[in-house]
Amino acid sequence: MKQTRHPCLVLRPLPRFFRRFRLAGCFFGDLMVKVPICSFCAKTGTLCPNCDARLKRGEISDWDIQSSKVLVRLEKKYSNLAKTRLKQTIQTDEMVVLIVDRKMKEAFDQYPEINNTLQKELGRPVNTVLLENSMRDTFTSLFAPMEVLGVDQIFVPDGTKELKIRLKGDVSSLPLPLETMKTIAEKVAESLIRIDFV
Ligand SMILES: [Zn+2]
């Protein structure tokens, strides 16, 4: 009788470099959804020393941890989430905003259940913002339907830098209050933002 072998077992004769992937569970683990915490932490819900240190340094937040755990769990049901990426989770007064790549955005659009589950588990509305290749494109996606006419770096007299976004259109058409949009933009860009209306 032919024996069925787990795909990871074929790695046995390979050099140690490849074998170490088996320690993490499975070589094919890199198909997993990419989240701000490591896959061990996302799966087990316990923080490893590395992720714990990142949390203490403020590089990741509790919201990153919560949303990562839910997404990794949901990936088993919605395989479209595999190979997608959550860059960051931002919390505002009104909601949780996930900064995601295009593939994750598409998975959210295709399966509204993903958003519904996150919303239920995180206890507040969840919105996604598409992370584009450039900051300007990301802002264009964020501030739609308003038009982004330009993004410029400005030097403030105290020596710090800020980003100035020039927006055109109707402010009331924005999906969230302007102050919330500005907070999200600042966290995405990791810079203070100034908004000019043209
Ligand atoms: Zn970890």
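Cβ-to-Cβ counts within 10 Å put 139, 155 in ascending order as 155, 139, the fewest first. The orientation-averaged projection of the convex hull spanning the C-alpha atoms of the stretch 71-125 amounts to 3.5 square nanometres. Remark: 46, 84 ranked as 46, 84, counting other beta-carbon atoms within 10 Å and listing the fewest first.
Provide, in order from the shortest bin, the percent of all Cα-Cα pairs of the stretch 71-198 in each 10 Å bin, continuing until the bin that contains the maximum pair distance. Over the stretch 71-198, the share of Cα pairs per 10 Å bin runs 12, 41, 31, 13, 3, 0 percent. If R0 is 41 Å, the Cβ-Cβ spacing of residue 155 and residue 62 corresponds to a FRET efficiency of close to 0.75.
This ranking places 178, 142 by how few other beta-carbon atoms lie within 10 Å of each, fewest first, which gives 178, 142.
Given 0.36 nm per residue, what is the gain on full extension from residue 133 to residue 44 after removing their alpha carbon distance, in nm? Difference between extended and current length: 28.9 nm.
Anisotropy class assigned to the stretch 27-131 is oblate, per the alpha carbon gyration tensor with a/c at or over the 1.5 cut-off and a/b no larger than b/c. Charged neighbours of residue 117, selected by a Cβ distance under 11 Å, balance to +1 (K, R count +1; D, E count -1). Taking every C-alpha pair closer than 8 Å and separated by at least 6 residues, the mean separation divided by the residue count of the stretch 27-131 gives a relative contact order of 26 percent.
With r defined as the distance between the Cβ atoms of residue 119 and residue 186 and R0 fixed at 22 Å, what FRET efficiency is calculated, to the nearest 0.05? The calculated FRET efficiency here is 0.40.
Any read-out appearing in this document is the output of simple, stated calculations on the displayed coordinates, not a laboratory observation. Note that the coordinates shown come from a computational prediction; the quantities given were computed from them, not determined experimentally. Counting neighbours? That spans all protein chains shown, and the Cβs are built from the backbone with ideal geometry, glycine included.
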